[in-house]
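Take a look at the structure set out below.
The values are calculated or read from the model by the stated rules, or taken from the named source; none is laboratory data. Being a predicted model, the structure only gives us computed values, none of them experimental. Positions of Cβ are generated from backbone atoms using ideal geometry, with glycine treated the same way; all protein chains shown enter the neighbour counts.
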Amino acid sequence: MTSGTLTAPPQRPPPPANPRLRPPYTCAECGHDLRVAGLGRHRVYFELDDKRSEDPIMDRVCPECAYGLPGKNPR
């Protein structure tokens, strides 16, 4: 029979109280600011006042000027 010593896993530091938020995306055409979640083709855009992320911009265009937003298919 072999013996071993059990040790507790290392303690992780608690998450920061105010995580650094990603800067808003600014439309290249009209300057309208949008909040962005995700990366690359998984980016989802929201209006800045949509704090609960309940109404994503689904048509991949700026709601102010209809300029294409970056994502899977660059425009």
Could you please find all residues in the range 48-72 being among the charged types (D, E, K, R), modelled with pLDDT under 95, out of contact with any Phe, Trp or Tyr (no Cβ under 9 Å at 6 or more places or on another chain) and surrounded by 12 or more Cβ atoms within 10 Å (Cβ to Cβ)?
-> 50
Every pair of residues 6+ apart whose Cβ atoms lie under 9 Å, when the first sits in the range 14-41 and is under 13 Å from residue 70 (Cβ atoms) and modelled with pLDDT of 90 or more while the second is part of a loop (DSSP other than H, G, I, E, B) and among the small types (Gly, Ala, Ser) | 29/66
Pairs where the first residue, in the range 54-65, is under 9 Å from residue 32 (Cα atoms) and charged (D, E, K, R) and the second is in a loop (DSSP other than H, G, I, E, B) and modelled with pLDDT of 90 or more, C-beta under 7 Å, 6+ apart = 64/27; 64/30; 64/32
Breaking point among (1) at pLDDT 90 or above; (2) surrounded by fewer than 12 Cβ atoms within 10 Å (Cβ to Cβ), for residue 8 | (1)
